[in-house]
Amino acid sequence: MANKKLPGGRKSAGRVSTSAKKLVALKAGTVGVAISELPEAKNLTGEERFPVVQDKETRSASVEQIKELMPSGKDGASAYEVWAEAQPEGADTSEAAFLEYMHGKDGEDGTGITVEGITAKNGNIVLSPDAHWTSFGSSQNSVFYPEYLNKAVNGTYKITAMNGGVVNVNLAQWNSLFNERQNIRILCQCESGEAEIFFTPPANGGIYFDDGTVYDSQKIKFDSGYLVFEIYQIPHRSDLVLKKLLPVKPGGDGLSAYEVWVNAQEPEADVSLEAYLAFQEGKDGKSAYQIWLDEGNEGTEADFLTWLRVNASVNVDPHKTNLVENNADGLYVNGTHPIIPKLSTSTLNGLLDTFKSLADGTRIYTMQVDLTNPLGITQLGDVGIHRYLTAEPQYFFTNENGEYIPAQYFITGSDVTASSVKVTISVIMPDKPYKSWNLSTLEEVASIEGGSILQCEVGVWLVAGTTPSQNGMN
């Protein structure tokens, strides 16, 4: 059968382009449409309406109306209430007693040598009153696992070993995520004779002495004299530093300067106090002007000073860690060197169009801004650059009733590359903002009336630099 002629002289129906929204509308107008077939909604703004059945009629409800139906949680007990509940019957549970409990007891006055919260007082060990510490008595061969490892608390431990004993301080479970927040001190003593101690490094890092040399699980001897170790993490690395502190017992008096001088003299030399004082006084040396004359130059002291200005030069070390440059017209600080802190600024103009809502109606808006990395590096000497970020709001906001909304601004993240620093800023508001105002002029900037979206303007400052140690300097 021959095809019937189509309108417009077309020989074939071809394809008809119909959008997904139009198809849904067509279905809904005839036999309805399944929810699963509806197009996905974008980020909710709070202006949407939801269908509800009320009085046998289908009506619309706002997000705020639905949110009012959600019950809020009860307030928790205060720190004072928790403490009072834990006290035995008949105990003083007044607020004054609670404040005294929070303050704690004053420690004893120290009269000896103090090392990191440990005091040697009359031959005995006295720990500072706020120290978290554990006493560990070892057998001949023992493994000691620090109790406060990977907790945000600094632990102090006293290890008493037997003669010939070997103690392994196992740090294999050290979590590098705690970084500088944990710091361990270990005080060692042997009851008699001599004992040994060694340290097992963390699973993902090594141990270094504080002079930079590698600690390779070698055993360290200690005896009845106290020996103190401090262990802490290298910033931004998973490696640890083992710092061997001096014994806390004071040593004897050293030689005086006079005695050192006497011991250095020849057997027949005059070692009287008068000779020592004469040695200390020394002889007058030649002036720089006289040395200049001795080298064949001629002229007055004024001529010498003129010669210095013209001919004197400064030899600048060409090493890349040097901080100065000798230019043709003088000596200058090298302004491109990373160790010199540098500033980068930017203004964030974000839209308050998406937010996360808490149960009490608080809104959390999150925005990002890119700042130029003024150093052009992400790390130096295997250590990340040091940076300080601050945010300063340019607008303030009011709610529907014209009441001020106390907004809080937090820097919640920063992603550093050699060219930029991407900063994430979170703005927390306890109410819905309706109008924005300029902090400088106190004039209205914008309003959400008419369907517009408010803008949030924040000034962001970045200070970045590196440390002297990263640049090979002590």
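Things to note:
- Against the list (1) without any contact (Cβ under 8 Å) to a residue 12 or more places away in the chain; (2) in a loop (DSSP other than H, G, I, E, B), the condition residue 413 fails is (2).
- Filtered residues of the range 378-391 (kept if exposed (fewer than 13 other Cβ atoms within 10 Å of the Cβ) and assigned to a strand (DSSP E or B)): 388, 390
- Sole exception among (1) farther than 23 Å from residue 358 by Cβ; (2) of a type outside the set (Ser, Thr, Tyr); (3) modelled with pLDDT of 60 or more for residue 26, by number: (3)
- Failed item in (1) over 30 Å from residue 467 (Cα atoms); (2) modelled with pLDDT of 75 or more, with residue 237 passing the rest: (1)
The values are calculated or read from the model by the stated rules, or taken from the named source; none is laboratory data. It should be emphasised that the depicted structure is a prediction, and the values quoted were computed from it without experimental measurement. Ideal geometry is used to build each Cβ from the backbone, glycine not excepted, and the neighbour counts take in all protein chains shown.
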